[in-house]
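Written out below as structure tokens is the structure these notes cover.
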Amino acid sequence: TKVPRMEDKAKVASLEEELAELRKKIAEVNLAAGQKTWEAGLQKTLAESSDWQAIKPTSAKSSGGATLKVQTDHSVLSTGKNPAKDDYTITLATNLKNITGIRLEALTHESFPKKSLARGNGNFVLTHFSVAKGKSPVKIASATSDYSQANYPVANALKPDSKTGWAGNGHVEAANRTAVFVFEKPLAGGDDTTLTITLKHQSQYPNHNIGHFRLSLTTAAEPKVRGGHNLPPVVAAAFKQPTAQRDAAQQKAIADHYRTIAPELAEVRKAVAAKTAARDAAINAYPTTLVSTSMSKPRMVRVLPRGNWLDDSGDQVQPAVPGFLQFGQAPEGRASRMDLADWIVAKDNPLTARVFVNRLWAMFHGRGLATPLDDFGAQGTPPTHPALLDWLAIEFMENGWDVKHMVKLMVSSGTYRQSSVAPKAVTDKDPYNLWLARQGRWRLEAEMVRDNALAVSGLLVKTIGGASAKPYQPAGYWAHLNFPKRSWKADAGDGLYRRGLYTYWCRTFLHPSLAAFNAPSREECTVERVRSNTPQQALVLLNDPTYVEAARIFAERILKDGGKTPESRIAFAYQLALHRPPSAAEVKILVGLADKHLKHYQTDAVAADALLKNGAKMADEALDKSKLAAWTSIARVVLNLHENITRN
């Protein structure tokens with residue numbers, strides 16, 4: 001099934017708006033004079049046009065199990081089972097002679113989704129259309145239609161290829177579609193002539209079978225889509241009425257049709273066609289994902305003696321879950337994945353909600369009410385606040401499993417809004433903060449350490465979704481990665497500054513910056529990460545190009561927006577990075593450091609230039625290089641503070 005991304009939806013919506021404007025323009029132009037001339041010239045042709053004769057099928061069969069019912073207007077309606085793929089075999093009896101072509105009308109129906117053309121999503125794909133007289137196939141010379149979806153022209157239906165076919169865009173627009181198939185040679189026909197028509201629907205899209213259709217034959221020398229005039233039936237019927245006797249609906253039908261062919265609107269229609277094709281192409285380009293469905297007849301599963309899959313002597317077994325989970329009995333006897341899904345969120349199964357809110361609590365308070373997070377069984381510790389855990393679980397379930405509601409509830413609570421600074425007596429009595437007398441304090445996750453530095457500097461790109469990003473990585477880090485050999489090429493532009501969440505993940509060679517801060521390899525599920533404290537982490541923060549570049553861009557912000565004095569700039573940096581003013585001692589140390597580094601870089605332009613060339617972002621040429629390099633050092637100090645990578 002198609003799964004459009006936000007940018008895909010935005011693109012299609014934009015094209016729809018442009019199409020709406022063009023259609024509005026078509027509707028507003030005054031075409032009265034041109035329409036009058038056109039009507040006068042068409043009257044004679046209409047009087048002579050009676051080319052097509054609808055034939056009532058003598059039989060209609062479905063290979064997929066659908067029920068094909070012949071209607072009073074000689075059309076065929078598909079009912080009952082709606083198979084993923086289906087072939088129709090229709091038999092026609094006729095006395096017509098010199099039959100030159102056959103017409104297929106795909107008709108809308110009130111019972112279909114969107115009142116369109118098929119019982120799936122409203123659209124169909126006819127992968128093959130063939131005609132036989134008796135046992136002899138009838139050769140078809142050409143195929144035309146009044147409408148074909150982009151990349152699905154009616155000519156595709158002449159080729160027995162399941163990857164192509166004729167489609168009518170029924171999932172977008174509910175309208176009848178007509179196709180005409182012209183025979184290579186006229187059929188002699190005559191009394192008791194029997195024709196067998198086969199309509200195949202074998203595309204990759206399930207349930208894309210024509211749901212309502214009608215077949216007609218013609219003896220015209222040049223068969224056309226609609227009689228000898230190519231008019232929609234409702235328009236042709238309106239023209240048969242004298243002008244003075246036409247009602248408002250008939251007048252509107254004629255006027256609307258003329259706007260689709262009027263020479264005055266040719267350029268606008270051309271633009272509509274281009275935009276429509278662009279919209280259809282954008283829809284066809286939507287990413288797809290697999291959707292699994294249960295088999296109507298589940299396969300037999302047996303215990304394999306000694307793991308031998310060729311030995312079918314083992315006991316037959318049924319789907320089930322471990323008994324200690326108290327799954328119970330499936331409603332229909334045999335448990336399915338849907339039964340499991342229903343049980344997971346069932347009112348009488350609080351386990352799911354309790355586990356989830358416990359993990360959510362840990363996100364905001366540093367540890368769960370019950371630990372460890374990934375063991376809620378006999379080996380885990382009992383919750384410190386069982387009543388609170390149960391209340392949160394019930395609140396979660398009764399509010400429709402709304403995660404946003406629970407997040408708001410937790411972060412607005414008095415417990416969450418406590419300070420992580422507490423008297424020594426409190427920390428001594430409860431060092432692990434089991435009883436929640438204060439807020440927790442812990443180092444940020446690996447991805448957030450990087451994101452925080454980028455955000456403070458102003459480099460962070462907040463785009464949601466999209467392809468994986470490849471930030472800076474040490475050269476040769478993948479040198480020993482084999483089967484196949486691969487190399488790392490860092491992104492250019494925004495890809496360097498996207499959130500750590502989007503970093504390209506190689507489980508055997510995890511990005512070293514993230515690995516240093518205990519990011520898991522993802523080779524197995526990791527509910528709760530380890531937090532280590534190593535010298536390597538300080539080296540990463542000091543020397544990784546990402547952090548050096550972030551410090552340099554942060555320094556540019558300090559120099560531009562932090563005021564004119566060193567003291568005001570340090571206060572600005574602290575407020576931006578730590579959300580607090582610096583102490584007098586901190587200001588004194590950093591002012592001295594800034595002065596020391598400024599003198600150094602003023603006497604060593606090469607070192608200043610080397611520092612400012614770290615990263616892909618060019619340094620601001622308007623700023624003095626030695627001053628920018630000196631304040632880059634100050635920014636590195638601030639970004640390396642324990643407080644900057646710690647959640648307080």
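The values are calculated or read from the model by the stated rules, or taken from the named source; none is laboratory data. What you see is a predicted model; the values in this text were computed from it and never measured. A quick note on method: Cβ atoms are made from the backbone with ideal geometry, for glycine too, and the neighbour counts reach across all protein chains shown.
A compact table of results
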read-out: Those residues of segment 53-67 which are farther than 28 Å from Ala220 by Cβ and not β-branched (Val, Ile, Thr), in sequence order; value: Lys61, Ser62, Ser63, Gly64, Gly65, Ala66
read-out: Counted residues, segment 251-291 - those being more than 25 Å from Tyr152 (Cβ to Cβ) and touching a residue at least 12 places away in the same chain (Cβ under 8 Å); value: 10
read-out: Residue match in segment 116-129 (condition: surrounded by fewer than 16 Cβ atoms within 10 Å (Cβ to Cβ) and either in contact with a helix residue (DSSP H, G or I) (Cβ under 7 Å, 6 or more places away or on another chain) or assigned by TED's automatic domain parsing to the domain that holds Gln204 (or both)); value: no
read-out: Any chance Gly190 is at pLDDT 90 or above and either surrounded by 12 or more Cβ atoms within 10 Å (Cβ to Cβ) or assigned by TED's automatic domain parsing to the domain that holds Ala93 (or both); value: no
read-out: Residues of segment 418-441 that turn out to be under 17 Å from Ala370 (Cα atoms) and not polar (S, T, N, Q), as a count; value: 8
read-out: Lone qualifier among Val182, Val172 - being part of a loop (DSSP other than H, G, I, E, B), touching a residue at least 40 places away in the same chain (Cβ under 8 Å) and within 24 Å of Ile261 (Cβ to Cβ); value: Val172
read-out: Top-ranked residue of segment 157-187 - restricted to ones that are surrounded by fewer than 23 Cβ atoms within 10 Å (Cβ to Cβ) and of a type in the set (D, E, K, R), ranked as modelled with the lowest pLDDT; value: Asp161
read-out: Scope segment 267-297; condition hydrophobic (A, V, I, L, M, F, W, C) and over 22 Å from Glu173 (Cα atoms); matching residues; value: Leu290, Val291, Met295
read-out: Complete set of residues in segment 543-559 that are out of contact with any Lys or Arg (no Cβ under 9 Å at 6 or more places or on another chain) and in contact (Cβ under 8 Å) with a residue 60 or more places away in the chain; value: Pro545, Glu556, Arg557
read-out: Among (1) over 30 Å from Lys627 (Cβ atoms); (2) of a type in the set (D, E, K, R); (3) surrounded by 12 or more Cβ atoms within 10 Å (Cβ to Cβ), the one test that Arg507 misses; value: (3)
read-out: Top-ranked residue in segment 467-485 [being at pLDDT 90 or above and surrounded by 13 or more Cβ atoms within 10 Å (Cβ to Cβ); ranked as nearest to the chain's Cα centre (by Cα)]; value: Ala469
read-out: Which numbered condition Arg557 fails, given (1) assigned to a loop (DSSP other than H, G, I, E, B); (2) touching a Ser or Thr at 6+ places or on another chain (Cβ under 8 Å); (3) farther than 15 Å from Ile645 by Cα; value: (1)
read-out: Residue within segment 585-593 that is over 23 Å from Leu454 (Cβ atoms), in contact (Cβ under 8 Å) with a residue 40 or more places away in the chain and not basic (Lys, Arg) present; value: yes
read-out: Filtered residues of segment 1-42 (kept if among the β-branched types (Val, Ile, Thr), assigned to a helix (DSSP H, G or I) and surrounded by 11 or more Cβ atoms within 10 Å (Cβ to Cβ)); value: Val12, Ile26
read-out: Verdict on Ala608 being closer than 27 Å to Gly495 by Cα, assigned to a helix (DSSP H, G or I), small (Gly, Ala, Ser) and more than 44 Å from the chain's Cα centre (by Cα); value: yes
read-out: Residue list for segment 404-452, filter: over 22 Å from Val638 (Cα atoms), in contact with a helix residue (DSSP H, G or I) (Cβ under 6 Å, 6 or more places away or on another chain) and of a type in the set (A, V, I, L, M); value: Met406, Met410, Ala437
read-out: Some residue of segment 287-303 being surrounded by 14 or more Cβ atoms within 10 Å (Cβ to Cβ), of a type in the set (Val, Ile, Thr) and on the phi < 0 side of the Ramachandran plot; value: no
read-out: From the options Ala244, Ala220, residue that is surrounded by fewer than 20 Cβ atoms within 10 Å (Cβ to Cβ) and touching a residue at least 60 places away in the same chain (Cβ under 8 Å); value: Ala220
read-out: Options Leu68, Leu96, Leu104, Leu92: the member that is under 39 Å from the mean Cα position of the chain (by Cα) and touching a residue at least 40 places away in the same chain (Cβ under 8 Å); value: Leu104
read-out: Count of residues meeting criterion [assigned to a helix (DSSP H, G or I), out of contact with any strand residue (DSSP E or B) (no Cβ under 8 Å at 6 or more places or on another chain) and assigned by TED's automatic domain parsing to the domain that holds Asp451] in segment 507-535; value: 4
read-out: Test for Arg636: is it modelled with pLDDT under 95 and among the charged types (D, E, K, R); value: no
read-out: Exclusive hit being closer than 16 Å to Glu447 by Cβ, touching a strand residue (DSSP E or B) at 6+ places or on another chain (Cβ under 7 Å) and of a type outside the set (Val, Ile, Thr), set Tyr472, Tyr504; value: Tyr504
read-out: Answer residue from segment 334-381, given it is without any contact (Cβ under 8 Å) to a residue 12 or more places away in the chain and not in a loop (DSSP other than H, G, I, E, B) and is surrounded by the fewest Cβ atoms within 10 Å (Cβ to Cβ) among those; value: Ala341
